Amino acid sequence: DGYSLDNHYLARPGADEIQLDLFLDYQNNIALYPTFQEYFRTSTPPLLAIWGSNDPFFLPAGAETFRRDIPHADIRLLDTGHFALETHPEEIATAIRAFLTT
């Protein structure tokens, strides 16, 4: 359902231009990485990152990088791709609930 819903919204007039603008603007996000990383190192907030080990867009190395700045980060790689919430909803929901109640 999530995949179909994403496609529905991406098929709207003008949505392709919005997506291209987001892709082109990603450089501004990258420029902020040192600020994020400094915050993570100094504040060490609790962090749960659940990632698809086969995600072609957000590679597993991106999740593991959080550990460099937050050694106690809870990093979980699931045997799935980009749509982890659609393929592993119960496992992810359980992990989030446990994370939020500890």
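Checking [x] 20.0; [y] 15.7; [z] 13.7 against the coordinates, the calculated Kirkwood radius over Cα pairs in Å falls under label [y]. Which helices, taking whole DSSP H runs in the chain, have alpha carbons extending 30 angstrom or more along the helix axis plus mean Kyte-Doolittle at least 1.0? Long hydrophobic helices here: none detected. Let me know the shape class of region 1-43, please: from the alpha-carbon gyration tensor, a ≥ b ≥ c as square roots of the eigenvalues, rounded when a/c is under 1.5, otherwise prolate if a/b is greater than b/c, or oblate. Since a/c reaches 1.5 but b/c is at least a/b, the shape of region 1-43 is classed as oblate. Distance in nm between label sites at residue 75 and residue 53, each 7 Å beyond Cα in the beta-carbon direction? It is 1.4 nm. Full extension of the chain between residue 30 and residue 11 gives 4.1 nm of extra length, using 0.36 nm per residue less the Cα-Cα distance.
Each reported figure results from applying straightforward, stated rules to the coordinates on display, with no laboratory input. Because the structure is predicted, anything quoted here is derived from the model rather than measured. Glycine gets a Cβ as well: all are built from the backbone with ideal geometry, and neighbour counts include every protein chain shown.
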